1. Just for the stretch 254-270: of the residues that are under 22 Å from the mean Cα position of the chain (by Cα) and away from the ligand (no atom under 14 Å from the Cβ), which one is modelled with the lowest pLDDT?
2. D223 versus (1) more than 17 Å from V292 (Cβ to Cβ); (2) among the acidic types (D, E); (3) modelled with pLDDT of 95 or more: which is the lone unmet condition?
3. Restricting attention to the stretch 29-43, which residues are within 15 Å of the ligand (Cβ to nearest atom), at pLDDT 95 or above and in a loop (DSSP other than H, G, I, E, B)?
4. Between I67, I137, which is over 30 Å from R27 (Cβ atoms) and at pLDDT 95 or above?
5. Please determine, by comparing only the residues of the stretch 1-20 that are of a type in the set (V, I, T) and crowded, with 18+ Cβ neighbours inside 10 Å, which one is farthest from the ligand (Cβ to nearest atom).
6. Tell me, which residue of the stretch 324-346 that is out of contact with any Lys or Arg (no Cβ under 8 Å at 6 or more places or on another chain) and in a loop (DSSP other than H, G, I, E, B) is surrounded by the most Cβ atoms within 10 Å (Cβ to Cβ)?
7. What tally of residues in the stretch 312-323 results from selecting those that are surrounded by fewer than 19 Cβ atoms within 10 Å (Cβ to Cβ) and within 14 Å of the ligand (Cβ to nearest atom)?
8. For the stretch 283-304, what are the residues that are surrounded by 18 or more Cβ atoms within 10 Å (Cβ to Cβ) and part of a loop (DSSP other than H, G, I, E, B)?
Amino acid sequence: MGSMTRNRNTYPSNTPTPSATQYYTSRARDGAGLIVAEGTFICPTGSEWLHCPMMTSPLHAQAWAPIVSSVHSVGGTIYFQPWHEGRAQNDLAPALKETGYPVLAPSAVPAKAGKYRFLAGSPGHTANITAMSSAQILETVGQYRDSCSLARDAGFDGVEIIAQGGYLVHNFLSTRSNIRTDAYGGSVANRCAFLLEVVEAIATVYPVSHIGVKIAPCDNVADIACSYAELSETYAYLVRELVRRKIGFVNLSRRGCESGEANDDFSDATRRPEGMELPRGYDPLEEFGPLVKFEGSETKLMVNYGYTVEEAEALVQRGRVDLVSFGRPFICNPDLVERVRNRIPLASNDRGGSVNYGPYKSVDENYNDWPMAT
Ligand SMILES: Cc1cc2nc3c(=O)[nH]c(=O)nc-3n(C[C@H](O)[C@H](O)[C@H](O)COP(=O)(O)O)c2cc1C
């Protein structure tokens, strides 16, 4: 089960509620092999999602512990996803107005995108970006480590680092958001350095075999798309470096390879900017899959984005991938695994896009009220 922000934590303490225990445990009890919990902030954030969790204090770890323990009690495995939104934030968000925490990103290059339900009009992501100093980079890498250390205290089994979506790690990878001229910008190796330092920092907390990295080379959200030549070179290098470090898995998303139109309420994919078109029918699995999945590799290959059960089954059977993660289908199919086992068609979401992040009257609405078929 892929990591999914559902925006149902308390605010301003940003802790999960017992509803999250029910939500995750039901998917684990049903047989979800690996659950990656929703993206969880490692520092104050100017987020669109006020009701996302944070992992910055022992109180957060204590709030997650019963959820993790409940998942374990039914035989499940649950990973933590540390999250920093980088330039995809707005400093007018309540949390940043209160804390005065800056919007940190590799360079002060605003993203031409973004809407915030608490801001009138459409001012988009902030123009007020602080280009990170070396000290701030070091501090942020430390925040990744510290939040993972709290996650370990809460009992999480491992970590998936989000390196896509136009958020901080992705901001370092792409020349669209990274125009630094120091050791973190310019060459492919320099742009990948931040992520590799984050991996190394988290590897002081979790075994490297329990760390995964989620990438979307073709991503076209939050103004992050890059040219085909750049993505090809950057991700070939990155994937090789991750596999060389023997991380547990690379989770490869094919988001951004669609024909160009938004395909639902979740994906805000628009046509790729001029000069950044992909080869016709391009699928990153063809190019990067073999760099992860080869004889002797200790890193598993996971894929995601819009896979059907049939497609997933065929890819696994043909040995092209080790794992396929499902996101949206898990929202409205609490018994997704049993349905697959029993060849029962998956339910589709007939309630619209607001099921994702709200608004909702009670936390359980569109969260713990989906019918089971098994
Ligand atoms: C409501 C919603 C919230 C999401 N939040 C996150 C997130 O916090 N972290 C993340 O890595 N991916 C997030 N995703 C992406 C999913 O993990 C998954 O990669 C994506 O939905 C593609 O899989 P699918 O086509 O099976 O839904 C989210 C997706 C949805 C629908």
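The values are calculated or read from the model by the stated rules, or taken from the named source; none is laboratory data. Everything quoted here is computed from the prediction, not taken from an experiment. All Cβ positions, even for glycine, are placed from backbone atoms using ideal geometry, and neighbour counts span all protein chains on display.
1. To start, the set of residues in the stretch 254-270 that are under 22 Å from the mean Cα position of the chain (by Cα) comprises 254-258, 260-270.
Restricting the remaining residues to those that are away from the ligand (no atom under 14 Å from the Cβ) gives 260-261, 270.
Details: G260: 45, E261: 48, T270: 66.
Across the stretch 254-270, the extreme among qualifying residues is G260.
2. (3)
3. Taking the stretch 29-43 first, the residues within 15 Å of the ligand (Cβ to nearest atom) are 32-42.
Filter once more, keeping what is at pLDDT 95 or above: 32, 34-42.
Matches in the stretch 29-43: A32, L34, I42.
4. Answer to the check: I137.
5. Ranking the qualifying residues of the stretch 1-20, first place goes to T15.
6. Selected residue: S325.
7. Taking the stretch 312-323 and keeping what is surrounded by fewer than 19 Cβ atoms within 10 Å (Cβ to Cβ), we get 312-314, 316-320, 322-323.
Filter again for within 14 Å of the ligand (Cβ to nearest atom), leaving 312, 323.
Number of matching residues: 2.
8. Hits for the stretch 283-304 are K293, T299.
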